[in-house]
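The numbers here are math on the coordinates, done by the rules we state, and not lab data. Everything numeric here is computed off the predicted structure, so don't read it as measured data. So basically every Cβ, Gly included, is an ideal-geometry build from the backbone, and we count neighbours across all protein chains shown.
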Amino acid sequence: MIEIMIVVAIIGVLAIVVVPGFFRESSKAKHKTEVTAMFAELTVKLEQYKMESSTGQYLAAAACPSTGPNKTGYDFVTTCATTGSGWANLRVAPPNNKMFCSYAVSVGNSATTPSPPSGFTMTSPATAWWFAVATCDMDASGGTNATFFVNSIDTKIQSQNVGK
């Protein structure tokens, strides 16, 4: 009987240690998946817009939602892709019905130097350029947000504060 109690106690301690970590990692994976899919969509739509544009320039899109990441989720189409917005003009189709991260797209031409957010790097191109930033509340705590960055020169996603 004592052996069974010891086994139950060990399982209880393991559950206390492992379960919160599992949910934390699950939340991180959900956000990383959303950001990766959204950045892939943005890359295609920005390049398509530039090719179809008479000016050969990219189109900026303001941060949406403007209040930052939404830990309860939001409908991207009704919140961001409203008539006349950069998101609507780019014809962005979000990867999910419910999104949790805030997104913004900045653009420039060969005469302007890109100014990515602090901690991210981007080579200054000789042509038109764009970069996108995603801000996510990874653990839905309202604390330090994770930030993701991708640009037209290097489509490898850069990130900060993902492990917090």
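Structure data summary
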{"quantity": "Inter-probe distance in nm under a simple model that places probes 7 Å from Cα toward Cβ, at Ala62 and Asn109", "calculated": "2.3 nm"}
{"quantity": "Given charges at beta-carbon only (K, R positive; D, E negative), |dipole| of the range 2-160 in Debye", "calculated": "140 debye"}
{"quantity": "Pairwise FRET efficiency - Thr127 versus Glu52, Cβ, R0 = 22 Å, nearest 0.05", "calculated": "0.85"}
{"quantity": "Contour excess over end-to-end distance, with Cα ends at Thr72 and Ala15 and 0.36 nm allotted per residue", "calculated": "17.9 nm"}
{"quantity": "Tail weight of P(r) past 26 Å, computed on alpha-carbon pairs of the range 2-160, percent", "calculated": "35 percent"}
{"quantity": "Folded to 0 to 90 degrees: helix 2-52 orientation relative to the chain principal axis, Cα", "calculated": "10 degrees"}
{"quantity": "Computed FRET value (nearest 0.05) for Ala88 with Gln160, which takes r as the C-beta separation and R₀ as 22 Å", "calculated": "0.15"}
{"quantity": "Charge dipole (the range 2-160, unit charges on Cβ, about Cα centre) - positive-most of Val133, Gly84, Thr36", "calculated": "Gly84"}
